[in-house]
Amino acid sequence: MRFLPTDEQSDFARTLRSLLGSAQVPAVVRAWADGEHGPGHELRSRLAATGLFALAAPEAYEGAGLLPPELSLGFVELGRAGMPGPVVESAAVSVLLSELGDEALAKRFLPGLVAGEAWATLTLPGAGGGSPYALDADAAAHCFAVSAAGELRLAAPGEVLRSTDPARRLSRPAAAGGDGGSGGDGGELLAAGPAVARAAVVAGRWARLLTAAQCLGVGEALLARTVGYVKQRTQFGAPIGSFQAVKHRLADTLLALEFARPLLWAAALSTAPGDVAAAKLRCGEAAYHAAMTALRLHGAVGYTEELDLSLWLRKARPLRDAWGTPSACRAEVMRSVTPG
C-alpha cells in the first residue's frame, strides 16, 4: 500500500493550489458570508474545469470515477484556501446518487454537479455523523434530505440559522420535519427503501473523509500564517518567533498536522469506517489546535474581522464537529477495533 501521492496526484494538487492562490478567495468568502454568491459560483466553475468534482461520479455520467485519494488531496487545497460553499455536501450527493443505482436520478443530477453548474447540499439522519441541518441550502440548486425511514427527498430551504462561521449558513430543510423524518409533503420523493439507507451510509462516510481533508488544509493555512506573523512581530527587540516557548507551541502544532496526514491518506485509500473516523478525529483536532495556537500567538489582532486569519479561525471549530464530532469518531474507531 502506497502512503504517498503519485506524481500525477501531486501535480493535480499543485494545479488546484495555483488556481485558488490567484482567485482572491478571502474576498469570495466575505461576499459569501454577506449572501452574495456570485463570486463563489464563478470559482466553483473554475474548479470544475480542473476535473475536481468529476472525482465523485462514475464515468457513465461524465465523471472520472469514484476516486477518494485524488478527491481528498483536492479538498485539502480547498481547506487551505478557505473555499466557501457546500463543496463536501455536493460531492457527497454525487456519491449518494452513484451508490443508489437509479439511472434516471443519476442522469438528472450528476452531469450538472460534475460540470460545476450547480451546488447541492445534503442532510442525513443523525446516527453515524449525519445532521438535520443543511449547509448553504439558500445557495444550492438542490437540497437533498434522507430521512431515518430511508426516504430521499428534494427539500425546500428553511430558515437560515446563525453559525460560528458566517460563511457556513445552516438551515433545517422542510423535508426534514421536526424529528428528522420525511415530513410528509416536505418535498419531492425521489427514492425510498433499503437502497437509500445503504447509499446514505456511504455518502456520509465520504462526507466525513472530505471534511477531514478540509480540516487538514485549514490547519496548514493557520500554521503558515502564524509562522509568518511571529517572524515579523518583535518584542524586547527580537522576533517573537525566536522565543523558545513560541517555537515549542508551533512545533506541537506542526506535529499534530503531520501525524494527521498519513491517517487521512490511509482513510482515502481504504474508505473503511474506522479509518475514516480516525482521520476525521485527528485532522479535526489538529485544525482546532492550529486555530488556538494562531489566536494565542497573534494576540488581540487575531480577533479582528479585517485580518484574513479570522476566516480560517472561524472554520476550524465547525469543521471539527461537522460530519462526526470527536466523540462520535472515537466511538466509531472503538467499534472498528473491538472484536464482535
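The values are calculated or read from the model by the stated rules, or taken from the named source; none is laboratory data. Computed from a prediction, not measured in an experiment: that's the story for all the values here. Note that we place each Cβ from the backbone using ideal geometry, even for glycine, and neighbour counts take in every protein chain shown.
Observations
- Any hit, region 254-261, residues being under 30 Å from GLN9 (Cβ atoms), surrounded by fewer than 22 Cβ atoms within 10 Å (Cβ to Cβ) and either of a type in the set (Lys, Arg) or modelled with pLDDT under 95 (or both): yes
- In region 54-76, of all residues being part of a helix (DSSP H, G or I) and touching a Gly at 6+ places or on another chain (Cβ under 6 Å), the one that is modelled with the lowest pLDDT corresponds to GLU59.
- Whichever residue in region 87-117 is more than 17 Å from the chain's Cα centre (by Cα) and outside any helix (DSSP H, G or I) and, among such residues, is surrounded by the most Cβ atoms within 10 Å (Cβ to Cβ): ASP102
- Count of residues meeting criterion [within 16 Å of ARG225 (Cβ to Cβ) and assigned to a helix (DSSP H, G or I)] in region 235-255: 7
- None of PRO84, PRO157 is out of contact with any Asp or Glu (no Cβ under 6 Å at 6 or more places or on another chain), assigned to a loop (DSSP other than H, G, I, E, B), in the same structural domain as GLU42 (by TED's automatic domain parsing) and not basic (Lys, Arg) except PRO84.
The rows are residues; the columns are (1) at pLDDT below 80; (2) over 27 Å from ALA277 (Cβ atoms); (3) among the small types (Gly, Ala, Ser); (4) surrounded by 19 or more Cβ atoms within 10 Å (Cβ to Cβ).
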position	(1), (2), (3), (4)
ALA137	no, no, yes, yes
GLU151	no, no, no, yes
PRO166	no, yes, no, no
ARG169	no, no, no, yes
GLY180	yes, no, yes, yes
GLY184	yes, yes, yes, no
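- LEU189 satisfies every condition listed in (1) of a type outside the set (Phe, Trp, Tyr); (2) assigned to a helix (DSSP H, G or I); (3) surrounded by fewer than 23 Cβ atoms within 10 Å (Cβ to Cβ) except (2).
- The number of residues in region 292-340 that are over 28 Å from ASP275 (Cα atoms), under 23 Å from the mean Cα position of the chain (by Cα) and of a type outside the set (D, E, K, R) comes to 6.
- Cβ pairs under 8 Å, 6+ apart, first in region 266-295 and in a helix (DSSP H, G or I), second among the aromatic types (Phe, Trp, Tyr) and surrounded by fewer than 24 Cβ atoms within 10 Å (Cβ to Cβ): ALA266/PHE3; LEU269/PHE3; ARG282/PHE259; ALA286/PHE259; LEU295/TYR303
- Qualifying residues in region 24-51 (those that are within 19 Å of the chain's Cα centre (by Cα) and not in a helix (DSSP H, G or I)) - the one surrounded by the most Cβ atoms within 10 Å (Cβ to Cβ): HIS37
- Count of residues meeting criterion [of a type in the set (Val, Ile, Thr) and assigned to a loop (DSSP other than H, G, I, E, B)] in region 132-154: 0
- Pairs, first closer than 14 Å to ARG296 by Cβ in region 235-261, second modelled with pLDDT of 95 or more and of a type in the set (Asp, Glu), C-beta under 8 Å, six or more apart: none
- Taking every residue in region 36-61 that is among the polar types (S, T, N, Q) and pairing it with any residue that is surrounded by 14 or more Cβ atoms within 10 Å (Cβ to Cβ), at least 6 positions away or on another chain, the pairs with Cβ-Cβ distances below 7 Å are SER45/GLY116; THR50/THR15; THR50/LEU16; THR50/LEU19.
- Considering residues of region 304-340 that are farther than 19 Å from LEU257 by Cα and polar (S, T, N, Q) only, the residue surrounded by the most Cβ atoms within 10 Å (Cβ to Cβ): SER310
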